[in-house]
């Protein structure tokens, strides 16, 4: 069970980092938007196509898994964990 929670935490962090990189914001800022239930305000500053894609991904667990499994996400996770 704890492993599942750890995986979910890693997945969330990867998504935050990918989104932060895409938006030019810090992951902490994005997390604050999410914790305050204010993702629509964050998405207003996005390109409309990107905002629609993000909303679609957030509503689809399989899309999240696919995104996290992408080579770019895996590379980002390795870099964030200090691996090469």
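Of the residues making up region 20-33, those that are part of a helix (DSSP H, G or I) and either in contact with a helix residue (DSSP H, G or I) (Cβ under 8 Å, 6 or more places away or on another chain) or at pLDDT below 80 (or both) are 20, 21, 22, 23, 27, 29, 30, 31, 33. Only residues that are without any contact (Cβ under 8 Å) to a residue 24 or more places away in the chain and within 13 Å of the chain's Cα centre (by Cα) were counted in region 67-84, giving 3. Total residues in region 46-66 satisfying the condition of being in contact with a helix residue (DSSP H, G or I) (Cβ under 7 Å, 6 or more places away or on another chain) and either touching a residue at least 60 places away in the same chain (Cβ under 8 Å) or not in a helix (DSSP H, G or I) (or both): the figure is 1.
Between 46, 31, the distinction of being surrounded by 15 or more Cβ atoms within 10 Å (Cβ to Cβ) and more than 13 Å from the chain's Cα centre (by Cα) belongs to 46 only.
Selection of region 34-43 for residues being part of a helix (DSSP H, G or I) and surrounded by fewer than 18 Cβ atoms within 10 Å (Cβ to Cβ) yields 34, 35, 39, 40, 41. Selection of region 14-28 for residues being surrounded by fewer than 16 Cβ atoms within 10 Å (Cβ to Cβ) and either under 16 Å from residue 64 (Cβ atoms) or under 11 Å from the mean Cα position of the chain (by Cα) (or both) yields 21, 22. Please work out which residue is farthest from residue 24 (Cα to Cα), limiting yourself to region 67-77 and to residues that are assigned to a helix (DSSP H, G or I) and at pLDDT 80 or above. Among residues in region 67-77 that are assigned to a helix (DSSP H, G or I) and at pLDDT 80 or above, the one farthest from residue 24 (Cα to Cα) is 69.
The values are calculated or read from the model by the stated rules, or taken from the named source; none is laboratory data. Computed from a predicted model, the values in this text were never measured in an experiment. Please note: Cβ atoms are built from the backbone with ideal geometry, for glycine as well, and neighbour counts cover all protein chains shown.
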